[in-house]
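Novice: For reference, the structure I am asking about is given below.
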Amino acid sequence: MPLLIVILEVLGCLGFGALTLRACGVLSRLSPFERLTWSFAIGFGVTGWLVFFLGWSGCLSQWPLGGLLVIGCACLAALLSGPKPLQWPALTRLDWLGIALIAVVFLFDLTEALSPPADADSLAYHFATPKRLLQIGALDFVPRAVDGAAPLLVQMTYVPALGLGGEKALMLWTMLSGWGAGALIFTTARRFVSRGWAMLIALLVLTTPAVIYGGGTGQVEVRATLFVLVAALCVAEAAKTSLARYALIAGLMAGFYAGTKYLGLLFVVSAGVVLLLSAFSSGRAVRHAAVFSVGAILAGFQWYFWNWLHSGDPIFPFLVGRLGIGDVSLWPADYQKWFESGFFDVERAVPSSVWWLFAYPVKATFAGAPEFESARTGLGPFLALVAPLALLGAYQVRQRLLTSPLVILMAIGILFYVLWFLTGSSQRIRHLVPIYALIVIPMATAAVRYSSEHGLKTLLSTIVGVTLVIQLAGHAVYSANYTRYVLGAETREAFLHRNITAFDLVDWVNRNLDQADQLFTTQRQLIYFLAVPVLYGHQYLDARVDLRAEAAPDRLLAQLRKQAVTHVMLAHGMAGAERVLSPVDLIWEPLKKAACMTLLYSGEFTNITSRALAVRDGRFVAEIYVLRESCRL
């Protein structure tokens, strides 16, 4: 059943996408494989867009979700009636090499898809949010920064998979949607290079460390590549053909990215500016900009409207308290300052200056900082190694460079990077994954063409070979954890205990608490598995329960009661046999001493700092308390 549900959702996406392309008059202009990859990319966005409205109307249950996918499948008639037949030309040795390597990577990814979820971000909200929405049957507003009141279009595509096929379908769907991005990279690269080289370019991206890390999880960056690539290609086609239909699709896809992540707003600006500049020569700049804007607003407005409806701030909490915008009871002004200083400052390792704008890619590649997540993600060595050949290739065709669609892809990617870096966003490398293909495809194409014309094929092959060997080795190490589970006799529970910090707490909570309780916890990696209502507390992200060191105990207790919290899960570090209490830990001590909290459970655990390498570092104690109905502080 999980596999059937995933197939149904894939076909539904293809149907919705094909219908959109046909309605825009673009489907017949695409090659057979492009019709499939573009249809899936657009249909992926349309599916998430439509599920939002099912949630808004309180219809997140099996029959409406199943009906939505069936309607999408019915739309497949638009794809099947395409005029161009699918052809299978003879395969070369390079093609066979690409196919063999793709099969290896697919098997690596399949082991993760057949394993239970273990990524902390996914368990905290990418998967936990769809699960919660299915339990209540509707959308709800969570006034928490970053992962609560945020655009959730991609997560909405997880709802049908989880609601109809369960956890196994959810994991298969995340894998296949990530591979949909890989297929789109292939068909895009195929426009400019041979089939074999297009497969190798797709492999270079699919085996990039940041893609390996997030591709099989609920993280959205890899799947956002679907929106970015089609939008950029449509900007290039709009410049080439002067047809507004491409500007419309570009706007829709940019809007889907904005509906996926706040950073998508920067992509809307990037794609819109390049579209505007590229249309000046044809005199259609205003028309294309207007059509693009309509598409972007239509595709991306709903989550911003949802936030505004519930908080008065469309990009909650960034505008609360400014110019009279937003509900300050949800996010006080002093909390916004605390959030900016305590959250974003630790997300940036280098200043947002012009110097570091150019130096960041070098540092992130060769001397990454912890703030970049360099210990577990990265963009690999390919761009650094291929840059000389790519620059020589670009110089060789410098006279016709501005007319190339590859320059438009590159320009959108570079402009997004500039905006991302200079606006002071989080400097985590994985946030660049959606635009990574916009840089790799032009650079790889330039290198392939230059090396072919100047007898440097061996050099380029060595660069690609070295990169793939390094990245495939990393992929094999990463997948070993999941291969052990899939091919061994390990149970699901044993896998989860081995891979998720303090998973024993889940067993205790699910046995001893019920739906009438509400658990307050800071252990985000457990939320998806907890079978009781949960309020996730964070020192910087949620003002409903103020965890700042200076928070008054009576106010803390009042906030917990206002949120109907009945139990509290706390954790503190250890040094030897002694407790180590942080400033956040200390704010609970007055409540304990006044007997406002009664200890029910205490256990000692070890942090799992790397699942792939089975690294455990640092011990801590977790405790579960019940809140008393009355006490005197």
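Novice: Can you name the residue in the stretch 552-576 that is touching a strand residue (DSSP E or B) at 6+ places or on another chain (Cβ under 8 Å) and of a type in the set (Gly, Ala, Ser) and, of all such residues, is farthest from Asp514 (Cα to Cα)?
Specialist: Restricting to residues being touching a strand residue (DSSP E or B) at 6+ places or on another chain (Cβ under 8 Å) and of a type in the set (Gly, Ala, Ser), the top hit is Gly573.
Novice: Within the stretch 213-266, can you find the residues that are basic (Lys, Arg) and modelled with pLDDT of 95 or more? So that I can check it myself, show each step before the final result.
Specialist: Taking the stretch 213-266 and keeping what is basic (Lys, Arg), we get 223, 240, 245, 261.
Residues satisfying the conditions are Arg223, Arg245, Lys261.
Novice: Of these, Ala489, Ala502, which one is closer than 18 Å to Leu526 by Cβ and either at pLDDT below 95 or not in a helix (DSSP H, G or I) (or both)?
Specialist: Going through Ala489, Ala502 in turn, just one is closer than 18 Å to Leu526 by Cβ and either at pLDDT below 95 or not in a helix (DSSP H, G or I) (or both): Ala502.
Novice: Only one of (1) at pLDDT below 95; (2) farther than 19 Å from Tyr125 by Cα; (3) in contact with a strand residue (DSSP E or B) (Cβ under 9 Å, 6 or more places away or on another chain) is not met by Ala549, so which one is it?
Specialist: Unmet condition: (3).
Novice: How many of the residues in the stretch 552-580 are at pLDDT 90 or above and more than 18 Å from Pro590 (Cα to Cα)?
Specialist: Final tally of qualifying residues: 3.
Novice: So Thr365 passes all but one of these: (1) at pLDDT 85 or above; (2) more than 24 Å from Val615 (Cα to Cα). Which condition number does it fail?
Specialist: Status for Thr365: all satisfied but (2).
Novice: Looking only at the stretch 310-319, count how many residues are touching a residue at least 60 places away in the same chain (Cβ under 8 Å) and surrounded by fewer than 19 Cβ atoms within 10 Å (Cβ to Cβ).
Specialist: Going through the stretch 310-319 one residue at a time, the tally reaches 1.
Novice: Evaluate the stretch 598-611: report whether one residue or more is among the acidic types (Asp, Glu) and loosely packed, with under 15 Cβ neighbours inside 10 Å.
Specialist: Yes; the residues of the stretch 598-611 include at least one that is among the acidic types (Asp, Glu) and loosely packed, with under 15 Cβ neighbours inside 10 Å.
Novice: Next up: Kindly indicate which of Phe280, Phe267, Phe256 is farther than 24 Å from Ala390 by Cα and surrounded by fewer than 24 Cβ atoms within 10 Å (Cβ to Cβ).
Specialist: Phe280
Novice: How many of the residues making up the stretch 301-319 are under 25 Å from the mean Cα position of the chain (by Cα) and either part of a loop (DSSP other than H, G, I, E, B) or more than 21 Å from Gly264 (Cβ to Cβ) (or both)?
Specialist: Summing the residues that are under 25 Å from the mean Cα position of the chain (by Cα) and either part of a loop (DSSP other than H, G, I, E, B) or more than 21 Å from Gly264 (Cβ to Cβ) (or both) in the stretch 301-319 gives 7.
Novice: Conditions first: (1) more than 27 Å from Tyr335 (Cα to Cα); (2) without any contact (Cβ under 8 Å) to a residue 24 or more places away in the chain; (3) assigned to a loop (DSSP other than H, G, I, E, B). Glu550 passes all but one, so which condition is the exception?
Specialist: Of the numbered conditions (1) more than 27 Å from Tyr335 (Cα to Cα); (2) without any contact (Cβ under 8 Å) to a residue 24 or more places away in the chain; (3) assigned to a loop (DSSP other than H, G, I, E, B), the odd one out for Glu550 is (1).
Novice: Being of a type in the set (Ser, Thr, Tyr), assigned to a helix (DSSP H, G or I) and in contact with a helix residue (DSSP H, G or I) (Cβ under 9 Å, 6 or more places away or on another chain), is that true of even one residue in the stretch 91-110?
Specialist: no
Novice: Sort out which residues of the stretch 168-195 are under 13 Å from Val448 (Cα atoms), at pLDDT 95 or above and assigned to a helix (DSSP H, G or I), and write them in order of number.
Specialist: Scanning the stretch 168-195 gives a single hit, Ala189.
Novice: Just the residues that are part of a loop (DSSP other than H, G, I, E, B) and surrounded by fewer than 21 Cβ atoms within 10 Å (Cβ to Cβ), please, taken from the stretch 320-341. Let's see the steps before the verdict.
Specialist: Narrowing the stretch 320-341 to residues part of a loop (DSSP other than H, G, I, E, B): 320-332.
Of everything in the stretch 320-341, those that are part of a loop (DSSP other than H, G, I, E, B) and surrounded by fewer than 21 Cβ atoms within 10 Å (Cβ to Cβ) turn out to be Gly321, Arg322, Leu323, Gly324, Ile325, Asp327, Val328, Ser329, Pro332.
Novice: Mind telling me which of the residues Ser28, Ser115 ends up being at pLDDT 95 or above and either in a loop (DSSP other than H, G, I, E, B) or out of contact with any strand residue (DSSP E or B) (no Cβ under 9 Å at 6 or more places or on another chain) (or both)?
Specialist: Ser115
Novice: Return yes or no: is Val545 in a loop (DSSP other than H, G, I, E, B) and either under 25 Å from the mean Cα position of the chain (by Cα) or farther than 21 Å from Ser311 by Cβ (or both)?
Specialist: Against the criterion (in a loop (DSSP other than H, G, I, E, B) and either under 25 Å from the mean Cα position of the chain (by Cα) or farther than 21 Å from Ser311 by Cβ (or both)), Val545 does not qualify.
Novice: Could I ask something else about it? Regarding the stretch 85-94, can at least one residue be identified that is under 17 Å from the mean Cα position of the chain (by Cα) and of a type in the set (Ser, Thr, Tyr)?
Specialist: Within the stretch 85-94, not a single residue is under 17 Å from the mean Cα position of the chain (by Cα) and of a type in the set (Ser, Thr, Tyr).
Novice: Quick check, is Arg511 assigned to a helix (DSSP H, G or I), over 28 Å from the mean Cα position of the chain (by Cα) and charged (D, E, K, R)?
Specialist: Considered against the rule, which asks whether it is assigned to a helix (DSSP H, G or I), over 28 Å from the mean Cα position of the chain (by Cα) and charged (D, E, K, R), Arg511 comes out as yes.
Novice: I'd like to know if the stretch 141-157 contains one or more residues that are surrounded by fewer than 23 Cβ atoms within 10 Å (Cβ to Cβ), free of Cβ contacts under 8 Å to residues at least 40 places away in the same chain, of a type in the set (A, V, I, L, M) and out of contact with any Cys (no Cβ under 9 Å at 6 or more places or on another chain).
Specialist: Scanning the stretch 141-157 turns up at least one residue that is surrounded by fewer than 23 Cβ atoms within 10 Å (Cβ to Cβ), free of Cβ contacts under 8 Å to residues at least 40 places away in the same chain, of a type in the set (A, V, I, L, M) and out of contact with any Cys (no Cβ under 9 Å at 6 or more places or on another chain).
Novice: Here is a list of conditions, (1) in contact with a strand residue (DSSP E or B) (Cβ under 9 Å, 6 or more places away or on another chain); (2) crowded, with 16+ Cβ neighbours inside 10 Å, and Gln539 meets all of them except one; can you say which number that is?
Specialist: Tallying (1) in contact with a strand residue (DSSP E or B) (Cβ under 9 Å, 6 or more places away or on another chain); (2) crowded, with 16+ Cβ neighbours inside 10 Å, Gln539 fails exactly one: (1).
Novice: Among the residues of the stretch 355-370, how many are assigned to a helix (DSSP H, G or I), out of contact with any helix residue (DSSP H, G or I) (no Cβ under 6 Å at 6 or more places or on another chain) and without any contact (Cβ under 8 Å) to a residue 60 or more places away in the chain?
Specialist: The total comes to 8.
Novice: Which condition does Arg561 not pass, out of (1) more than 32 Å from the chain's Cα centre (by Cα); (2) outside any helix (DSSP H, G or I); (3) in contact (Cβ under 8 Å) with a residue 12 or more places away in the chain, if it passes all the others?
Specialist: The number of the failed condition is (2).
Novice: Then there is this: Which condition does Phe33 not pass, out of (1) without any contact (Cβ under 8 Å) to a residue 24 or more places away in the chain; (2) more than 18 Å from Gln155 (Cβ to Cβ), if it passes all the others?
Specialist: Checking Phe33 against (1) without any contact (Cβ under 8 Å) to a residue 24 or more places away in the chain; (2) more than 18 Å from Gln155 (Cβ to Cβ), the one that fails is (1).
Novice: Could you give me the residue pairs with C-beta distances under 9 Å whose first residue belongs to the stretch 378-391 and is on the phi < 0 side of the Ramachandran plot, whose second residue is aliphatic (A, V, I, L, M) and part of a loop (DSSP other than H, G, I, E, B) wherever it lies, and which are 6+ apart or on separate chains?
Specialist: Pairs found: Leu389/Leu456.
Novice: Here's something else I'd like to know. When residues of the stretch 40-57 are filtered for being in contact with a Gly (Cβ under 6 Å, 6 or more places away or on another chain) and loosely packed, with under 14 Cβ neighbours inside 10 Å, how many remain?
Specialist: Of the residues in the stretch 40-57, 0 are in contact with a Gly (Cβ under 6 Å, 6 or more places away or on another chain) and loosely packed, with under 14 Cβ neighbours inside 10 Å.
Novice: Only one residue in Thr174, Thr188, Thr207 is hydroxyl-bearing (Ser, Thr, Tyr), farther than 22 Å from Ala473 by Cβ and within 18 Å of the chain's Cα centre (by Cα), so which one is that?
Specialist: Just a single option satisfies the conditions, and that option is Thr174.
The values are calculated or read from the model by the stated rules, or taken from the named source; none is laboratory data. What you are looking at is a predicted structure, and each value in this text was computed from that prediction instead of being measured. With ideal geometry, Cβ positions are generated from the backbone for all residues, glycine too; neighbour counts draw on all protein chains shown.
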